[in-house]
Ligand code: 2BA
């Protein structure tokens, strides 16, 4: 068994979750925050059989788009910083980790 941890853009989360449910994947959805942008994203924990990992990853890939997200950067010209400028950073589609599950029990 594997645990897929997928961090997805919150704009894509609804579609990904609907598609996973339609294909009978069990998952847990958590509201999370990206450490760099400090903006909300969604982390899905998907426990599944080894044989279904590729199918789940393809569903995530299909429903997650890359997009530019705004960010504010401090203009640092020594001390103190004197302002901000707006820029953009490329985010996503999704960040996916697949890990082995040593034990799985429901009680
Ligand atoms: P954030 O940490 O808010 O990062 C948003 C986007 O900012 C990243 O998109 C990346 O393009 C950029 N970024 C992140 N850290 C950076 C840095 N130190 N310098 C320059 N640019 C940086 P993604 O790579 O698509 O990541 C989207 C979200 O996935 C992240 O949101 C974070 O919540 C999660 N994530 C990405 N890589 C991760 C990792 N290795 N471990 C845990 N979570 C990760």
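Based on DSSP H segments of at least four residues, each scored -39500 (n - 2.57), the chain has a per-residue ellipticity at 222 nm of -7000 deg cm²/dmol.
If contacts are Cα pairs under 8 angstrom and at least 6 residues apart, what is the relative contact order of the chain in percent? With pairs under 8 Å counted, the relative contact order is 36 percent. If one takes the longest principal axis of the Cα atoms in the chain, at what angle in degrees, from 0 to 90 and to the nearest 10, does the Cα axis of helix 53-63 lie? Relative to the chain, helix 53-63 is tipped by roughly 40 degrees. The label-point distance for residue 89 and residue 18, in a model that sets each label 7 Å from Cα toward Cβ, rounds to 3.0 nm. Summary of the geometry: the range 22-74 and the range 1-21, compared by the centres of their Cα atoms, lie 5 Å apart. Extent of the range 13-70 along its three principal axes (Cα atoms, max minus min coordinate, largest first): 37, 19, 18 Å. Between helix 10-22 and the chain there is an angle of about 0 degrees, using the helix long axis and the longest principal axis of the Cα atoms. Take the Cα of residue 101, step 7 Å toward its Cβ, do the same at residue 52, and the gap between the two points is 0.9 nm. Stokes-Einstein diffusion for the chain, with the hydrodynamic radius set to the Kirkwood value over Cα pairs and evaluated at 37 °C in a medium of 0.692 mPa s, equals 211 µm²/s.
None of the figures in this text is laboratory data; all of them are computed from the coordinates on show. Because the structure is predicted, anything quoted here is derived from the model rather than measured. Ideal geometry is used to build each Cβ from the backbone, glycine not excepted, and the neighbour counts take in all protein chains shown.
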